[in-house]
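Data block below; observations after.
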Amino acid sequence: MGKKTQQEIAETFGQMQETAKAQSSETPPSKDEPKQSTGPAKIRTPTKQQATEERRRKARLKAVKLTCLADVEPRPLRWLWRDRIPLGKLTMLDGDPGLGKSLITIDVAARVSTHRPMPDETLSDLGEPASVVLLSAEDDTADTIQPRLAAAGADMARIRKMDAIIHGDDESLPSLGDCSLIPDALQEYGAKLLIIDPLMAYLPSEVNSFRDQDIRRILAPLAKIAAETGAAVVIIRHLNKSPGGNALYRGGGSIGIIGAARSGLLVAPDPDDSERKILAVTKSNLAKIPAALAYRIQENSDKVSFLTWEGPTNHTATSLLATPFDGEGHSSLEEAKHFLREVLADGPVAAKEVEKQANQASISYATLRRAKAALQIKAEKRGGFFGGKKESQQWCWVLPPEDAQSPPEDAQSPKDEHLQQSSEKNTRNFNGVPEDAQSSKDERLKGNDEHLQQSWEEEV
């Protein structure tokens, strides 16, 4: 009995030694090692500030209209005139006076009203006759527009002219500043063509046609109307007085005008035939540029003008506007002079504002200075002392009286140059550098007209 007890004690003692040895071989946990939680994970409650910011974020998101393109059903592009006038888009028709821009829109309107083929024998995608709404500020309805439509074979019952907007007992001329009534007129009569002739006549007085932001604020709602109604909008615009150059820059006003259009058309004289005119495409975002078409302006027995079309030609918009360049930079200079006449037409304008708008119109600073000198524009300090602050005064540019004689465009007398530099001592150029600090640079630019032209073309 005693021996058995000693054996059991020995076995128990051996087991205790093995257990202690095994425990001593295990690596003790690090002090930096986080303790593993054996209980359920705790959910952090957002702070009051975090909850408020999340509510604001969701509110902002509701103000943003987002479209998932997976939900958009594609549709084919439709044309009023294949490759020239798209439906649901803006089209710009540019040209000098007397070349038949209005007659072209009359001709197209007549074909739309009767669903006849277009001048190149293509049919519109409308599939049936449609109505036309036109805004015309230059031609009389009774003695010009109606007779021309009749000569073109229009269905008069489908043509309507918007003459005024009624406000109670008063009437006002239509304006693109308020396009809210145009969709109703288009939808009421099923019109698929809206003609605006010309653009400048329907711009609100506060809109600066050379200011890109102003123009886009006007044309964006018009483009939306075209898209929502499916109507083609054709806008007539005159060319500026600058000869030659890129056809896209020849239309009057901001480059944003042609930028907003999906198609651009140009009418110009045929350089090979003085009695013939050409309709060319200057811009096409939606199709390959088609061949230019030739046409003539004819008169019927009642002395009413109409068009006859003579088919495609090899002319392009660029070739039609090309003029021999004389190396004096007159193309850019004429554009800058036209710009200054437009901007300063209503009175003095701050020099900094003129320079800012010129920069937006892609007119270089040096060219602007030359145009200013050619037009004898004066820099005058306007304003006064208010509250003893001299900053209330500013330099303004002012057109001279109409009877003032301009010096030669490529010359400037030393006296004029001295007066110009003196009067503009405190004005600054596009980069904010004082103009008198740029005098030596300007002299080099003026003395090298070829370099001026090259610089202007690169900037454009």
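Looking only at residues in region 343-371 that are farther than 20 Å from K381 by Cβ and surrounded by fewer than 18 Cβ atoms within 10 Å (Cβ to Cβ), the one that is nearest to the chain's Cα centre (by Cα) is Q360. Test D273 against the criterion of being in contact (Cβ under 8 Å) with a residue 40 or more places away in the chain, in the same structural domain as T313 (by TED's automatic domain parsing) and not hydrophobic (A, V, I, L, M, F, W, C), and give yes or no. Taking the combined requirement at face value, the residue does not satisfy it. Cβ-Cβ distances below 8 Å connect the following pairs, each with a first residue in region 326-341 that is outside any helix (DSSP H, G or I), a second residue that is at pLDDT 85 or above, and a separation of six or more residues or different chains: G329/T367; G329/R370. Got at least one residue in region 190-212 being assigned to a helix (DSSP H, G or I), touching a helix residue (DSSP H, G or I) at 6+ places or on another chain (Cβ under 8 Å), closer than 30 Å to L344 by Cα and not small (G, A, S)? Yes, there is a match, as at least one residue in region 190-212 is assigned to a helix (DSSP H, G or I), touching a helix residue (DSSP H, G or I) at 6+ places or on another chain (Cβ under 8 Å), closer than 30 Å to L344 by Cα and not small (G, A, S). Residues that are assigned to a loop (DSSP other than H, G, I, E, B) and of a type in the set (D, E, K, R) were ranked within region 134-164; the one that is surrounded by the most Cβ atoms within 10 Å (Cβ to Cβ) is D155.
The one condition from (1) closer than 27 Å to V207 by Cβ; (2) touching a residue at least 12 places away in the same chain (Cβ under 8 Å); (3) surrounded by fewer than 18 Cβ atoms within 10 Å (Cβ to Cβ) that T318 does not meet is (1). Only one of the listed residues (S102, S124, S131) is farther than 15 Å from I297 by Cβ, surrounded by fewer than 24 Cβ atoms within 10 Å (Cβ to Cβ) and in the same structural domain as A291 (by TED's automatic domain parsing). That residue is S131. For the criterion of being within 20 Å of W309 (Cα to Cα), surrounded by fewer than 20 Cβ atoms within 10 Å (Cβ to Cβ) and modelled with pLDDT under 95, P74 fails.
Restricting attention to region 174-189, and to residues there that are touching a helix residue (DSSP H, G or I) at 6+ places or on another chain (Cβ under 8 Å) and in a loop (DSSP other than H, G, I, E, B), which single residue is farthest from L222 (Cα to Cα)? Per the stated criteria, the residue is P174.
For region 143-160, the criterion of being under 26 Å from the mean Cα position of the chain (by Cα) and in the same structural domain as Y249 (by TED's automatic domain parsing) is met by none of the residues. Tell me whether region 119-132 contains one or more residues that are in a strand (DSSP E or B), at pLDDT below 95 and out of contact with any Gly (no Cβ under 7 Å at 6 or more places or on another chain). The answer is no; no qualifying residue exists.
Would you check if I215 is out of contact with any Asp or Glu (no Cβ under 7 Å at 6 or more places or on another chain) and farther than 29 Å from L126 by Cβ? Taking the combined requirement at face value, the residue satisfies it.
The values are calculated or read from the model by the stated rules, or taken from the named source; none is laboratory data. Here the structure is a predicted model, which means the values were calculated and not measured. Neighbour counts run over all protein chains shown; Cβ positions are idealised from the backbone, glycine included.
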